[in-house]
Amino acid sequence: MNRRRLLTGGLATIVVAVGAAHSPMSGLDSPFLGDSPRRTLGALFEVMLPDPAAAERLADGVDAFLITEDPLLSADLRMALVALEHGGLVRFSRLSPQGRTRRLRAWETSPVGVKRQIVQALRKVAMFTFYADPASWEAIGYEGPWV
Amino acid sequence: MGIAKAADWAGTARTDVCIIGSGAGGGVAAALLAEAGRDVVVLEEGEHVSRERMTQREEQMYPLLYRDGGNQNTADGAISVLQGRCLGGSTVVNMADVVPVPQGVLDHWREAFGLTRYSDEAWHKAGQQAMEAIGANRIPADRVNRNGQLLLDGAAAQGLSGGTFIHNRVDCIGSGYCMVGCAYDAKKSVALTFIPRALRTGQATVVTQARATRLDRSGRKVTHVRGVLSDGRPFSVEADHVILAAGAIHSPLILRASGLGGRRVGQHLSLQPQAPVSALYADDVIMYRGIPQATYIDSTEWANAEDGLAGFRVENVASTPGMAAASAAVWGPQNPMHYRRIAASLCLVPDRPGGRVKRKRNGRPAIQYTLQRLWGERMLEAIRVAATAYLRTGATHVTLPFAGAQPVTDESQLDRLGPLRPNSLPLISAHPQGTCRVGAVLEQDFHVKGLDNLQVLDASVFPTTASSHTMLPVMQAAILGVSELL
């Protein structure tokens, strides 16, 4: 795996994902990521987001938004998801939620730098996407912008 | 004359001075040169984003105001390197902190690097000139929000000290959205101060969405600045003098692409890494309203002739929900963000030059940087100080920036902080410096060695870290550099 190519870093994919929260759901097969990485993203969001119920909606939004993004940056996200999906004996998306959480916890403190890098970046994508979404604001008591 | 979008510009020009970049260096240079009667063309890669377009929505403003939409990172992904990319550059998106080059840093540059061209008095005078132009003033105590006050109280509880920043906000209403652009024009960025001054002379043209990529050279002179407009058309500006002010990441790229400046271009990068620490309180803090960065602990920082700027400092900080959550190393349904009850700060370590910027085949930067052991140790100490400040002011727990770290509820837990590893904590850099430094790439008057009409005037010129916040030092350098032309 080309380490430099793999994610230009945390915020790289954050902004890619940001607008996604506000994009319409495609309602179709994955428009950008492809079905397998899209499935991984949904499985990731389900265990990373504060509200698992928002996982599929926000993952759909990310996927739709990526079509308009910088291809280099978008490809980084796909590559990270592929690495996560195939980074263990059992594919990530086929693990139970507890199994997915265990894998992510192991990777984020792994001695292998690339694994830490992947979890850092995907965590930022997940958290930014969730909390930049106005649907999340009431629960955290944020009143939203003044303008 | 005026501000032209790429689509409305012919793509060719002849001028006295062409300035690449419109931030703290380029904007200041543009104003001073235009006021001295020079014809000036300023090339800005980003857009002119006026306050009407500042929506306070992070998912909209980061792509519009930041380099790569906030996507710029070190090659290993360990550090997010934030820079503005819009008219006014980073002065539009920064926290408005005004910190001149300390005397100890000037002493260090003189003794360790032999920089004697400009006297201390000249540096200080340049600082005063810039501060007056941007409305710099000390944040009064009654404008410090609870987030800022907790840090000061926590410092006092440890026998440490700090203060409130000098900032360049005027008539600030405390919306708290400084990092995504001020919708009220209270932050007196270069786009609201020096650029209008340049335009008022009738001598300046500012072209936005124009990305300079290469400089043509003939003998000891640069003859043309070439690049591409946002609509894909190439452009060319013929100039008697060229000022490169594209920032410490992209100025070296342009020199590299042009074969100028020698083999040390891009070396000696300082990133001044910052690590976030947050704490949860039982009642509301509401860090995101009021001035988002107002206070600091700096009794742990020093500047002298031997070390330059050294030690560490802790500064309170607040950001929008998405960025706040992304900056914390926690996730999962068991760890929701309690946005209203969080206090937060950044631990800043002035590092020594050790990284480099290389130009990739696709023209993008490869920022290579490793957190050296000493800076890592200081970062850990800074994190301890921040966490202790919160625990001693009543925080129920502190969230450290380490992946997988458990919440800290007792100071004894801070004794066991382990060594830092890359990608194990979310580091941020907002002050990259040093990649075209004086002595290595530049003469003391900021001219590129071997060239008579090319200067660099941005944060890349500093031999070592200039200050804990680089806006004012860049302005100081720009004022001194432009004085060579007047």
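Quick one: grab the alpha carbon gyration tensor of segment B:1-111, order the square roots of its eigenvalues as a ≥ b ≥ c, and give me rounded if a/c is under 1.5, else prolate or oblate depending on whether a/b is larger than b/c. Write out the running numbers ahead of the final one.
Working: a/c = 1.85, a/b = 1.07, b/c = 1.74.
Verdict is oblate for segment B:1-111.
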What FRET efficiency comes out for B:HIS124 versus A:ALA53 if R0 is 51 angstrom and r is the Cβ-Cβ distance? Round to the nearest 0.05.
0.30
Report the FRET efficiency, 1/(1 + (r/R0)^6), for B:ARG143 and B:ALA7, where r is their Cβ-Cβ distance and R0 is 56 Å, rounded to 0.05.
0.85
With the Cα gyration tensor of the protein assembly as shown in hand, convert its eigenvalues to equivalent ellipsoid semi-axes via √(5λ) and list them largest first in whole Å.
38, 28, 23
For the protein assembly as shown, what is the number of Lys pairs with C-alpha distance below 21 angstrom, counting only pairs 8 or more positions apart or on separate chains?
4
Pull up all non-local amide H partners of B:ILE19: gap of 5 or more, or a different chain, and H-to-H distance under 5 Å with H placed in the peptide plane.
B:VAL41, B:VAL42, B:LEU43, B:ILE243
So if each residue of separation counts as 0.36 nm, and I subtract the Cα-Cα distance between B:SER50 and B:SER236, what length gain in nm does that give?
64.3 nm
Please give the FRET efficiency for A:ALA135 paired with B:ARG373, using the beta carbon to beta carbon distance and R0 = 56 Å, rounded to the nearest 0.05.
0.80
From other protein chains only, count the Cβ atoms within 10 Å of every residue's Cβ in B:61-69, then give the mean.
4
Spin-label point model (7 Å from Cα, Cβ direction): what's the A:ASP35 to B:ASP216 distance in nm?
5.5 nm
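At a 10 angstrom cut-off on C-beta neighbours, averaged per residue, how do the peptides B:355-364, B:412-421 rank from highest to lowest?
Working: B:355-364: 15.8, B:412-421: 13.1.
Final packing ranking: B:355-364, B:412-421.
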Order of B:233-242, B:208-217, B:82-91, B:68-77 by packing, highest average Cβ count within 10 Å first?
B:82-91, B:68-77, B:208-217, B:233-242
Could you tell me how far the Cα centroid of segment B:362-433 sits from the Cα centroid of segment B:215-244, in Å?
42 Å
Sorted by Cβ density within 10 Å, fewest first, the residues B:TRP375, B:TRP109, A:TRP146:
A:TRP146, B:TRP375, B:TRP109
Can you give the mean number of other chain Cβ atoms that lie within 10 Å of the Cβ atoms in peptide B:77-84?
5
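With a 10 Å Cβ neighbour count serving as the proxy for reagent exposure, in which order, fewest first, do B:THR295, B:THR435, B:THR164 appear? Mind dumping the intermediate values first?
Numbers: B:THR295 27, B:THR435 35, B:THR164 17.
If I rank by nearby Cβ atoms, fewest first, I get B:THR164, B:THR295, B:THR435.
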Under 1.5 on a/c is rounded, so check that first for segment B:134-228, then, if it is not, pick prolate when a/b is larger than b/c and oblate when it is not; a ≥ b ≥ c are the square roots of the alpha carbon gyration tensor eigenvalues.
prolate
Applying the Karplus parametrisation 6.51 cos²θ - 1.76 cosθ + 1.60 with θ = phi - 60° to the phi angles of segment B:202-209, what ³J(HN,Hα) value in whole Hz is obtained for each residue in order, glycine and proline being reported as x?
x, 9, 10, 10, 10, 10, 9, 6
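From other protein chains only, count the Cβ atoms within 10 Å of every residue's Cβ in A:133-140, then give the mean.
Numbers: counts 3, 3, 0, 6, 2, 0, 3, 10.
That average works out to 3.
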Gain upon complete extension [B:SER299, B:ALA366; 0.36 nm per residue less C-alpha separation]:
20.6 nm
Vicinal HN-Hα couplings computed from phi for segment B:400-414 (Karplus, 6.51 cos²θ - 1.76 cosθ + 1.60; Hz; Gly/Pro x)
8, x, 8, 4, x, 5, 7, x, 9, 10, 9, 4, 4, 5, 6
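The numbers here are math on the coordinates, done by the rules we state, and not lab data. Note that the structure is predicted; figures quoted are calculated from it, not measured. Glycine also receives a Cβ, built like all others from the backbone with ideal geometry; neighbour counts cover every protein chain displayed.
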